[in-house]
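Reviewing the structure listed below.
Read the figures in this text as sums done on the coordinates, not as results from a lab. Source: prediction; values computed, not measured. In this analysis, Cβ positions are derived from the backbone assuming ideal geometry, glycine residues included, and neighbour counts consider all displayed protein chains.
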Amino acid sequence: MKRQTPTAPVLRRCTKAAVSILLLTCLALVSRASPADPEEGQPDPIWIKVWESAQSRADIARLIDAINPRRMSDQLFYLAKDPLPFRKLNYTLPGHTKSTLHEADDYLAGRLESWGYLVQREAVPVQAYRRDTTKPLQHQYSQPMPEDPWYTAYNLYAERKGRSRANEIVLVLAHKDSQSWVDSPGANDNAIGTVGVLELACVLAEHPSERTIRFLFCNEEHTPWTSVTAAQNAKARRDHIVAVFNLDSIGAKSAAETAAGRKANITAYTEPAGERLAGLMSAVNARFALGLEQRAVKRPSPGDDDGSFVRAGFGAAVVNIGSWPYSDPNYHVAGDVPERCDVPNAAMTVRATLAAILTLDQAH
Ligand SMILES: [Zn+2]
């Protein structure tokens, strides 16, 4: 679920982003030069300090190299084609006892446990959306009726406890369900983000982080969105969440952009604390030569699963997404198949997210 209205200064930002990449390169060379336009992600001096450490640079480079597009692709096809054609509570494969979403949960939990994580489940009652065929094809979800069936959806959590600042949490999340009102594999929306978070959990499984790194797999193609429960419970516990990265439809873009070989990531934020994270995404892309066309966008109001956290008071929340406004031609239709995912682009976004997480983790 996404599709935001276009924001006005998109073209201006494109040009400015290119300028800022050059500028960031210069800044990295001369350390702290004169202040740049803060909205374009001038590296914070505390990030530069992290990158000045040879040990930190080596750790970041080694973990970036460990991101494995082949593994991501295998997991993507598992979740969005074979054996699971969908991930929804209102579809169970013939002869199976669990819904395809609960089977996906078991698969994700099994992967995480194989890497040494303890997986926790948070139950949330939800309904499937109804389908309104009078609406445009990509927006046919409509509210369920009270008499429609209720299901139990689960938020899945895994985390790596920090060794010196365990109370400070970096949260990485993705919605794992496919569209409940239509038979779509939901490969770009959002099996690809799901395997992106899974990949981060895999490469960070043995990494001794200073802060706690928490992974959340939620649901937002059923209603209500389970990220709302996750965010409200985090608020009730007074969790000290220093950053939220939502991976949703990473690498997904228009057919023309895909054909042209564009490798893009947009980091959308709402609050100033989120803008700072968008600046960090831009800075690590430049600093570690990750090769993304990286752009920051201010969204007019909180949205998607990162928005659930913004609304709960966690302003340092962003989404990484492949296009803005979202322009996948197979959005919310049966053609959203894994063969059409740009896994190399998604892997680049995962590398940039990883570099951002590690920089935040080491910053003090
Ligand atoms: Zn969606």
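Along segment 225-239 the Karplus relation, 6.51 cos²θ - 1.76 cosθ + 1.60 evaluated at θ = phi - 60°, assigns HN-Hα couplings of 4, 6, 5, 5, 4, 4, 5, 5, 5, 5, 5, 4, 7, 6, 4 Hz to successive residues, with x for each Gly and Pro.
Please report the orientation-averaged projected area of segment 280-324, defined via the convex hull of its C-alpha atoms, in nm². Please list the in-between numbers first.
Values: hull surface 13.9 nm².
Mean orientational projected area (segment 280-324, Cα hull): 3.5 nm².
Label reach from residue 327 (point 7 Å along Cα→C-beta): in segment 212-252, amide nitrogens under 20 Å belong to 248-252. The antiparallel fraction among DSSP beta bridges confined to the chain stands at about 45%. Using DSSP to define loop residues, name the trypsin sites (Lys or Arg not before Pro) in segment 207-286 whose beta-carbon has at most 13 other beta-carbon atoms within 10 Å. Taking segment 207-286 and a limit of 13 other Cβ atoms within 10 Å, the loop trypsin sites (Lys or Arg not before Pro) found are 237, 238.
Between the DSSP loop rule and a limit of at most 13 other Cβ atoms within 10 Å, which trypsin sites (Lys or Arg not before Pro) in segment 125-199 are left? Intermediate results must be reported in sequence, preceding the final value.
Values: sites: 130, 131, 160, 161, 163, 165, 176; in loops: 161, 163, 176.
Those that pass, being in a loop and sparsely packed, are 161, 163.
Computed over the chain with a Gaussian network model linking Cα atoms closer than 10 Å, the most mobile of 332, 175, 102 is 102.
Take the Cα of residue 339, step 7 Å toward its Cβ, do the same at residue 259, and the gap between the two points is 1.8 nm. Mind checking the angle between helix 100-114 and the chain's longest principal axis? C-alpha axes, 0 to 90 degrees, to the nearest 10. Between helix and principal axis, roughly 40 degrees.
Let me know the whole percent of all Cα-Cα pairs from segment 55-362 that are separated by more than 33 Å.
16
Rounded to the nearest 10 degrees, the angle from helix 54-66 to the longest Cα principal axis of the chain is 30 degrees.
With the helix formula -39500 (n - 2.57) applied to DSSP H stretches of n ≥ 4, the chain reaches a computed 222 nm mean residue ellipticity of -12500 deg cm²/dmol. Close amide H pairs (under 5 Å, H built 1.01 Å from N) link residue 294 with 265, residues at least 5 positions away or on another chain. A Förster distance of 35 Å, applied to the separation of the beta-carbon atoms of residue 3 and residue 205, puts the FRET efficiency at 0.55.
Residue by residue, what Karplus-based ³J(HN,Hα) values in Hz, rounded to whole numbers, does segment 324-335 have, using 6.51, -1.76 and 1.60 with θ = phi - 60° and x for Gly and Pro? Residue by residue, segment 324-335 yields 8, x, 4, 10, 5, x, 9, 4, 6, 10, 4, x Hz. Relative to the dominant Cα principal axis of the chain, helix 69-80 is inclined by about 20°.
With semi-axes defined as the square roots of five times the eigenvalues of the C-alpha gyration tensor, the equivalent ellipsoid of segment 74-136 measures 25, 15, 12 Å, largest first. Across segment 189-250, Cα-Cα distances exceeding 16 Å account for 55% of all pairs.
Relative contact order of the chain, taken over Cα pairs closer than 8 Å and 6 or more residues apart, is 23 percent. Placing a label point 7 Å from the Cα of residue 289 along the Cα-to-Cβ line, the residues of segment 316-349 whose backbone N sits under 18 Å from it are 348-349.
Rounded to 0.05, the FRET efficiency of the residue 166 and residue 122 pair, given R0 = 25 Å and the Cβ-Cβ distance, is 0.80.
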